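Below is one structure, written out as structure tokens, with a few remarks after it.
Only the coordinates and a few stated rules stand behind these numbers; no lab work does. Note that the coordinates shown come from a computational prediction; the quantities given were computed from them, not determined experimentally. All Cβ positions, glycine included, derive from the backbone under ideal geometry; neighbour counts span all protein chains shown.
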Amino acid sequence: MRPIYLDNHSTTRVDDRVLAAMLPFFTEHYGNPASVTHAYGWEAEVAVKQAREIIAETIHATPEEIVFTSGATEANNLAIKGVAEAYFSQGRHIITVQTEHNAVLDPCRYLESLGFEVTYLGVDRFGLINLSELEKAMREDTILVSVMAANNEIGVLQPIDKIGELCHRRNILFHTDAAQAIGKIPLMVDHIDLMSITGHKLYAPKGIGALYVRRKNPRVQLSAQLHGGGHERGMRSGTLYTPLIVGLGKAIEIADPASEAVQIRQLRDRLWQQLNIDGIHLNGHPQERLPGNLNISIEGVDGQALLLGLQSTIAVSSGSACTSAKIEPSHVLSAIGVPDALAYASIRFGIGRFNTEEEIDQAAMCVKETVRSLRQT
Ligand SMILES: *Cc1c(COP(=O)(O)O)cnc(C)c1O
């Protein structure tokens, strides 16, 4: 038996409805959406247009504001480096947060090596930024603020609309990495200038994502990071991957954050209630978090032994999967003040659409058993 999959912040299974929508575009409608001279191209173009419209409508954008990318890493790079390059004559200061994903932090560090200045805001013990601290960090030469909508480790939800309003009052562009948020919580771009999304956290395949780029009030200038055929209004060249785009559109179309969140939150709360273990800590905010996220630390057990003990029964991660190759504690848990020993003995559960009550009960039992046996030895 394979372990129970509870690592939906890492990636998700493709939804059957998404796969079904994609399949004809591999074999039957395989045209290049940029081919304007024949029906093969037109079919593909119509499919891409429909996906673009669905995505735009869902987030209150227009279709022209959606730029398809290979995922959120690329979208973040395009947003941050693209804005830095386009606006450097107006200023070279960027504000972001210590708890961002590396796909935001690393482009920022790269820009520092080119002479940009970056302020990395701290967070409180729940993972939230302080708005007045953000305001104080804003300068005459600040060109961009980048704050993620939902954290991939502790699931904390930042006050995106308020941050966007603050930025707009100061004429600073606001980017948000919404890789974990899209389709999980209601999310509109009314106060956002650039927003990164990805398919594979949302039951669409890996290798597809998009960047929302505002075209009005203000019109965002962006320097392309991939040059070529001038696709996506020159912002991202490369032949559009029709099947993946259709999949992303379908995944966003069938996502129903309002009602699905109720069911997933119930499973998450059920798991938390059943994990009535001595010395268990909740990492992150008790309310302001993704419905499917639970991040805990357990006192008095060795982190490695804990993960090893769980491995055959449940698929979870400790800290962030993206940094789990290193033996450092997660930078997110450190930023909210979790001591190293507790950060090592942390488990991140990501509950998703396909999880059941039985799986949750089994997972809770498995954690309790493992902790009990580790504490006996
Ligand atoms: C997964 C993730 C990314 C990276 O997205 P890819 O599509 O895998 O490149 C970026 N930011 C956050 C918050 C994520 O969870």
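Dipole size of the chain about its Cα centre, with +1 on Lys/Arg Cβ and -1 on Asp/Glu Cβ: approximately 220 debye, rounded to the nearest 20. Counting every other Cβ atom within 10 Å of each residue's Cβ, Thr27, Thr142 order from fewest to most as Thr27, Thr142.
The distance separating the Cα centre of segment 147-168 from that of segment 59-115 comes to 15 Å.
Normalised by the number of residues in segment 16-254, what is the relative contact order in percent for Cα pairs under 8 Å and 6+ residues apart? Intermediate results must be reported in sequence, preceding the final value.
Working: 474 pairs, mean separation 65.9, N = 239.
Rounded, it is 28 percent for segment 16-254.
When you restrict to C-alpha pairs under 8 Å that are six or more residues apart and normalise by the size of segment 158-226, the relative contact order lands at 25 percent. With both labels modelled 7 Å from their Cα along Cα-to-Cβ, the Tyr30 to Glu358 distance reads 4.1 nm.
Run through segment 225-334 and list the GluC sites (Glu not before Pro) located in a DSSP loop whose Cβ has at most 10 other Cβ atoms within 10 Å.
Details: sites: Glu232, Glu253, Glu260, Glu288, Glu299; in loops: Glu288, Glu299.
When the GluC sites (Glu not before Pro) of segment 225-334 are filtered for loop state and at most 10 Cβ neighbours within 10 Å, nothing remains.
When DSSP assigns beta bridges and you keep just the ones with both residues in segment 16-254, what percent turn out antiparallel, to the nearest 5? Walk me through the numbers on the way to the answer.
Numbers: 10 of 25 bridges.
Around 40 percent antiparallel, to the nearest 5.
Quick one: order Arg236, Arg52 by neighbouring beta-carbon count within 10 Å, fewest to most.
On the way: Arg236 26, Arg52 23.
Least to most surrounded, the residues fall as Arg52, Arg236.
At 222 nm, what value in deg cm²/dmol follows for the chain if DSSP H runs of at least 4 each add -39500 (n - 2.57) and the sum is divided by all its residues, to the nearest 500? Here the helix-only value at 222 nm equals -11500 deg cm²/dmol.
What is the gain in length, in nm to one decimal, between Glu57 and Asp269 on full extension, counting 0.36 nm per residue of separation less the C-alpha to C-alpha distance?
Numbers: separation 212, 0.36 × 212 = 76.32 nm, distance 3.16 nm.
73.2 nm is the gain from fully extending Glu57 to Asp269.
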